[in-house]
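Just so it is clear, none of the values below were taken in a lab; they were calculated from the coordinates. What you see is a predicted model, and the numbers here were worked out from it, not measured in a lab. With ideal geometry, Cβ positions are generated from the backbone for all residues, glycine too; neighbour counts draw on all protein chains shown.
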């Protein structure tokens, strides 16, 4: 199994072309990366400083999953 970090759609597309199994990404680029690499399992990073309350963090995670992430960390 292989995993790399992709910061944008170009890197995600290159990972897909190289048959990478999973991507780790920042939540801000989720839509573009999912479009560029639709068949790769994506784990999105959710940073503590993005959200003030637990409800905001949970809402952000749900939104990111709805946009295509397979997992959140």
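Sort 64, 53 by Cβ crowding within 10 Å, fewest neighbours at the top. The most exposed by this proxy come first: 53, 64.
Distance between the modelled labels on residue 65 and residue 43, one decimal in nanometres: 1.6 nm (7 Å Cα→Cβ projection). Students often get this wrong, so try it: which of (1) 1.07; (2) 1.32; (3) 1.18 is Cα Rg over 2.2 N^0.38 Å as calculated from the structure shown? Only one listed value fits the structure, namely (1). For the pair residue 58 and residue 21, label points projected 7 Å from Cα toward Cβ lie 3.2 nm apart.
Mean sequence separation of contacting Cα pairs (under 8 Å, at least six apart), scaled by the length of the chain, corresponds to a relative contact order of 30 percent. Helix 54-66 and the longest principal axis of the Cα set of the chain meet at an angle near 30°.
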